[in-house]
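This report concerns only the one structure given below.
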Amino acid sequence: MLPVPPLPRWWILELTEAEADDFCRHLDRLLELRDKSEEECYGKELYIQLLLAEMLLKVNSLYRSYHGIANEDHDRNRIYDIVNYIHRNYEEEILLNTLSRRFFINKYALCERFRDVMGTTPSQYIINCRISKAKELLADGYTVEYTCGKAGFNNLSHFSRTFKNKVGMSPKQYQQKNIPRDGSE
């Protein structure tokens, strides 16, 4: 899952009256099609899918315009590719130089662009991803030692220190607090 870019009020999409009317017309058409039988409207399902696709494209276009997101923002897409790579490979050692070479971007530009898009450094993002996975594993009942390795940490004391710094409690304390008792969930 891709994170939401750190845009101010990213959940907002203000519409003009004409844009709102256009969406209302689309919704009315969808409701009209929904109530018709296949005999009354040959290809009803396809029409519905086309209307929904058109609405989604309009929403996306308006959103991008409203928030000033360029249509050809290759750097943003590259950062999302890097984020996906991190999510797939968090167990392994991920170095800035490796990301730089793998995604054909200068490491200084990578750090700057990553911070612009994600709101944090690549290193902090990797740590947060690993801590998130560790919390999941600990809550599932895995040992601290197993979790340390599976979450991409190669040193138990470093893992414990980092976990406590990020979460506010040790991995063991977190586990005891988050494992369901008496078989209930």
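The values are calculated or read from the model by the stated rules, or taken from the named source; none is laboratory data. Quick caveat, the model's predicted, so the values are computed rather than measured. Methodologically, a virtual Cβ is constructed for each residue, glycine included, from the backbone with ideal geometry; neighbour enumeration extends over all protein chains shown.
Under the condition of being over 22 Å from LYS150 (Cβ atoms) and free of Cβ contacts under 8 Å to residues at least 24 places away in the same chain, which residue from the stretch 75-103 is surrounded by the most Cβ atoms within 10 Å (Cβ to Cβ)? Here the answer is SER100. Does SER61 fit the bill of being part of a helix (DSSP H, G or I) and at pLDDT below 90? When the stated conditions are applied, SER61 passes them. Note on the stretch 150-165: residues that are in a helix (DSSP H, G or I) and crowded, with 16+ Cβ neighbours inside 10 Å amount to 5. Within the stretch 131-184, the set of residues being on the phi > 0 side of the Ramachandran plot and more than 26 Å from the chain's Cα centre (by Cα) comprises ASP182, GLY183.
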